[in-house]
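The values are calculated or read from the model by the stated rules, or taken from the named source; none is laboratory data. Keep in mind it's a predicted model, so treat the numbers as computed, not measured. Here the Cβ positions follow ideal geometry from the backbone for every residue, glycine too, while neighbour counts run over all protein chains shown. Heavy atoms of the whole protein, side chains included, go into the accessibility calculation; ligands, DNA and RNA do not. Shrake-Rupley method; radii C 1.70, N 1.55, O 1.52, S 1.80 Å.
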Amino acid sequence: MTHVGVVGAGVMGAGVAQNLARHGHPVVLVDSDPHALTRARETIDRDCRMSRFLGGPDLDAEEVLGRITTSEDLAALADTEVVIENITESWDLKKDLYPRLDAAVRADAVFVANTSAIPITRLASLTRRPRRFVGVHFMNPVPMKPAVEIIPGEHTSAEALATVRALLDSIGKKAIPVNDACGFVSNRVLMLTVNEAAFLVHEGVADAATVDEVFRSCFGHPMGPLETADLIGVDTILHSVEVLHDHFADSKYRPCPLLKRMTDAGHHGRKTGRGFYTYDGAAAPANP
Amino acid sequence: MAQDVRAEVRQFITGRFPQITLDDDQDIFALGFVNSLFAMELVMFVEQRLGVRVPNDELRRENFSSVTAIAALVDRVGTGTEAPAG
Ligand SMILES: NC(=O)c1ccc[n+]([C@@H]2O[C@H](COP(=O)([O-])OP(=O)(O)OC[C@H]3O[C@@H](n4cnc5c(N)ncnc54)[C@H](O)[C@@H]3O)[C@@H](O)[C@H]2O)c1
């Protein structure tokens, strides 16, 4: 078993922590927002309870939660062997976090960045351990998705890569290697698709349900791009498109104004109860 | 009471999938649009909006497969929104 730290207890951090703990790894889950930690525990409890109903294994929520300790303090991560970072997709926030994380965690631990689009080499440059720094792009919902992208940075050592591959293997994730680039393979394509789908709604070409219906019924996709946006988080979509736009300095990544308006309005999708669709009574947190 | 539950559940489902017409005995899992995320939302909806906690052994697909099945489940495990708290 590996002693794993998980930083950021939002949509992804909660899923990553649950997935690790249910495979027996002890987890320290850290978030600067205590409410996020409470919500993460509730989400994990609910997901374990529902696991069998949704076609997964029988999970004992108490046992899974028993392997997860939570803290608001990075110092709680001091002795962890691998730290998986899942904080908000913002260069400024990550730039502020990594040097502090680097100082708080033992020097031989491997860092894993779970980002939607930020290049791994760039994130690694914020630490003194670029050799022990690996990108893993987890898919959402983490416990239900069988594969991830694994991305070595410019300086990543074979040893660090092997450590992370073994950890992923132990939680049943197939790791698909891709090279370091903004958005990797998945989000270079997906974020543009979602952004363009938002433009269709913005311009009145079709409403969200119709856009999604075209993808589901015509292309046989299990979910349309705007349902997917609500699952990922509309704010996270916007941030990722902005990262692509900044990085490539290419206007083809111009973010749709509708995504900006929705983000400003707090219509972030499932996690806030409203996005392109509304989720009354659903998996949304209790605060407005 | 039972009518209210049925109406609320029907409204919840058609609110999310406006393109379908739904009758109460239809197996919604057979309609092809119910993925596991929506199945989970249905459970959350029943628990939060209708004020019941579904015991673990009642968390089964067949209990959520139609409006009628959900109404029967709510009847069995709880008394609905008008019940006093606790
Ligand atoms: N949502 C997805 O589908 C998805 C998929 C793959 C990767 N990602 C990436 O994962 C990361 C997290 O995304 P998310 O959807 O979970 O976001 P989220 O908004 O749900 O959660 C982010 C969490 O980070 C916390 N946080 C922010 N700054 C912090 C700090 N300095 N220290 C500790 N905690 C801090 C916030 O309080 C919040 O709880 C992002 O980089 C995102 O791009 C997201």
Query raised in the report: Where does each of A:156-163, B:6-13 land if you order them by average Cβ count within 10 Å, highest first?
Result: B:6-13, A:156-163
**Report entry** Antiparallel bridges, percent of DSSP beta bridges restricted to the range A:1-114 (to nearest 5)
**Finding:** 0
Report summary line: Here, the range A:2-95 modelled as identical Cα point scatterers in vacuum has Debye log10 I(q)/I(0) at q = 0.18, 0.20, 0.21 Å⁻¹ of -0.74, -0.89, -0.97
Query - Sequence of A:F219, B:F33, A:F133, A:F248 when ordered by accessible area, the most exposed leading, probe 1.4 angstrom - result: A:F219, A:F248, B:F33, A:F133
Query raised in the report: For A:D235, what charge total do you get from the other residues with a beta carbon under 13 Å from its beta carbon, if Lys and Arg give +1 and Asp and Glu give -1?
Result: +1
**Report entry** For the protein assembly as shown, with +1 on Lys and Arg beta carbons and -1 on Asp and Glu, the positive-most of B:T21, A:Y253, A:V194 along the dipole
**Finding:** A:Y253
Query raised in the report: Which of A:P57, A:P26, A:P119 moves the most in a Gaussian network model of chain A with Cα springs under 10 Å?
Result: A:P57
Report summary line: Taking every residue of B:34-45, the Cβ atoms of other protein chains inside 10 Å of its Cβ average out to 6
Query - Average other protein chain Cβ within 10 Å of Cβ, residues B:9-22 - result: 2
**Report entry** Relative packing of peptides A:209-217, B:24-32 - highest average C-beta neighbours within 10 Å first
**Finding:** A:209-217, B:24-32
Requested in this report: Just need the relative contact order of chain A here, percent rounded to a whole number, with Cα pairs under 8 Å and 6+ apart.
Outcome: 13
Query raised in the report: With contacts defined as alpha carbon pairs under 8 Å and 6 or more residues apart, what's the relative contact order of the range A:209-274 in percent?
Result: 30
Report task. Could you provide, to the nearest whole Å², the per residue accessible area of the range A:57-114 with probe 1.4 Å? Result -> 46
**Report entry** Candidate lysines for bridging to A:K145, where Cα separation is under 26 Å - those fewer than 8 sequence places away on the same chain excluded
**Finding:** A:K94, A:K173, A:K174, A:K271
Query raised in the report: Across peptide A:171-178, what mean number of C-beta atoms from other chains lies inside 10 Å of a residue's C-beta?
Result: 0
Report task. Using only Cα atoms, tell me the angle between helix B:67-77 and the longest principal axis of chain B; keep it within 0 to 90° and round to the nearest 10. Result -> 20
Query raised in the report: Within straight cross-link reach of A:K252, meaning Cα distance under 18 Å, which aspartates and glutamates are found once same-chain residues fewer than 8 apart are removed?
Result: A:E196, A:E203, A:E242
Query raised in the report: Taking only Cα atoms, what is the 0 to 90° angle, nearest 10, from helix B:2-16's long axis to the longest principal axis of chain B?
Result: 40
Report task. Mind listing, in residue-number order, the residues in the range A:31-54 that have at least 50 Å² less accessible area with every protein chain present than in their own chain alone (1.4 Å probe)? Result -> A:R49, A:M50, A:F53, A:L54
**Report entry** Value of relative contact order over chain B, rounded to a whole percent, pairs C-alpha under 8 Å and six or more apart
**Finding:** 39
Report task. With a 1.4 Å probe on protein heavy atoms only, work out how much accessible surface B and A bury together, total over both chains, in Å² to the nearest 100. Result -> 2100
